[in-house]
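Here's the structure, in structure tokens; my notes come after.
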Amino acid sequence: MILNHIWGLYAHPKEEWHAIEKRHESFYYSLAHILTIALIPSICGYYATAHVGWSIGAGDVIKLTEQSAVIMSVGMYGAMIAGVFALAYLIHWMAKTFDSDPSYTQSLELAAYTATPLLMVGLTALFPVLWFVVTAGMLAVCYSVYLLYSGVPIMMNIPEEKGFIYSSSVVTCGLVLLVTIMAATAILWSMGFGPEYVA
């Protein structure tokens with residue numbers, strides 16, 4: 001089952017990381033996990049922006065046209081998948097510095113399961129109130145970082161001291177990656193690919 005590790009990552013993360021490390025699923029298994037979980041924020045985001053509308057403070061509800069919402073959701077889906085693959089590449093690339101030699105599939109497993117809380121928090125878009133979504137998003141970021149710190153020593157088979165430094169390096173690169181995606185989005189919006197609002 002594609003989603004069989006999700007409950008374990010929330011209920012008992014360290015034990016689940018050991019189970020994931022022992023199984024070493026295939027590349028396609030990790031890919032299926034990413035493709036499935038990334039649908040959550042894309043579909044919820046589409047529904048929230050096109051049919052419910054966003055409430056930002058005391059102003060009017062903001063909605064996008066259905067066509068614009070579809071384009072934004074597809075773009076978000078692609079960006080999230082590309083982001084997870086880029087993070088896996090960074091994990092794989094930095095491994096030798098920390099005396100580890102994982103396969104790209106192992107790096108992808110680590111990236112995919114670490115990103116899972118960030119992708120699943122997309123469910124909060126069904127209640128599109130800014131303070132609620134931001135609060136849930138911050139909690140998801142914190143838990144993803146915790147999963148990374150707990151998973152790196154296990155998945156990369158390195159001591160916890162090295163794992164801490166390795167994880168910190170991955171978090172730094174992940175933040176740079178996030179800023180890059182946001183900057184690319186801003187550039188695309190300024191070139192006329194921005195959202196169309198319902199009048």
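You will find that of V74, V84, the residue that is of a type in the set (V, I, T) and closer than 21 Å to A140 by Cα is V84 and no other. Taking the criterion of being among the β-branched types (V, I, T) and either outside any helix (DSSP H, G or I) or touching a Ser or Thr at 6+ places or on another chain (Cβ under 9 Å) (or both), the residues of region 135-153 that qualify are T135, V145, V152.
Looking only at residues of region 40-68 that are of a type in the set (F, W, Y) and either in a helix (DSSP H, G or I) or under 19 Å from the mean Cα position of the chain (by Cα) (or both), we find that the one that is surrounded by the most Cβ atoms within 10 Å (Cβ to Cβ) is Y46. Does any residue in region 90-106 that is within 23 Å of R23 (Cβ to Cβ) and modelled with pLDDT under 90 come within less than 8 Å, Cβ to Cβ, of a residue that is open to solvent by 100 Å² or more (accessible area, probe 1.4 Å) and assigned to a helix (DSSP H, G or I) six or more places away or on a different chain, and which pairs are these? Cβ pairs passing all conditions: none.
Quick one: is S26 touching a residue at least 40 places away in the same chain (Cβ under 8 Å) and either surrounded by fewer than 18 Cβ atoms within 10 Å (Cβ to Cβ) or more than 25 Å from L178 (Cα to Cα) (or both)? Against the criterion (touching a residue at least 40 places away in the same chain (Cβ under 8 Å) and either surrounded by fewer than 18 Cβ atoms within 10 Å (Cβ to Cβ) or more than 25 Å from L178 (Cα to Cα) (or both)), S26 qualifies.
Okay, residues lined up against (1) under 30 Å from Q67 (Cβ atoms); (2) in contact with a Gly (Cβ under 6 Å, 6 or more places away or on another chain); (3) open to solvent by 40 Å² or more (accessible area, probe 1.4 Å); (4) in contact (Cβ under 8 Å) with a residue 40 or more places away in the chain:
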site: G151; (1), (2), (3), (4): no, no, no, yes
site: M155; (1), (2), (3), (4): no, no, no, yes
site: F164; (1), (2), (3), (4): no, no, yes, no
site: Y197; (1), (2), (3), (4): yes, no, yes, yes
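Looking at region 21-39 only, could you name the residues that are assigned to a helix (DSSP H, G or I) and either of a type outside the set (S, T, Y) or over 21 Å from the mean Cα position of the chain (by Cα) (or both)? Result: E21, K22, R23, F27, L31, A32, H33, I34, L35, I37, L39. Can you name the residue in region 101-132 that is among the β-branched types (V, I, T) and either in contact with a Phe, Trp or Tyr (Cβ under 6 Å, 6 or more places away or on another chain) or crowded, with 18+ Cβ neighbours inside 10 Å (or both) and, of all such residues, is farthest from H33 (Cα to Cα)? Out of the qualifying residues, it is T124.
Without any contact (Cβ under 8 Å) to a residue 60 or more places away in the chain and surrounded by fewer than 16 Cβ atoms within 10 Å (Cβ to Cβ): does that describe T36? For T36, the condition - without any contact (Cβ under 8 Å) to a residue 60 or more places away in the chain and surrounded by fewer than 16 Cβ atoms within 10 Å (Cβ to Cβ) - is met. When residues in region 93-133 are screened for being of a type in the set (G, A, S), farther than 17 Å from K162 by Cβ and assigned to a helix (DSSP H, G or I), 5 of them pass.
The values are calculated or read from the model by the stated rules, or taken from the named source; none is laboratory data. Quick caveat: nothing in here was measured; it's all calculated off a predicted structure. With ideal geometry, Cβ positions are generated from the backbone for all residues, glycine too; neighbour counts draw on all protein chains shown. Ligands, DNA and RNA are excluded from the accessible area calculation, which covers all protein heavy atoms including side chains. Shrake-Rupley method; radii C 1.70, N 1.55, O 1.52, S 1.80 Å.
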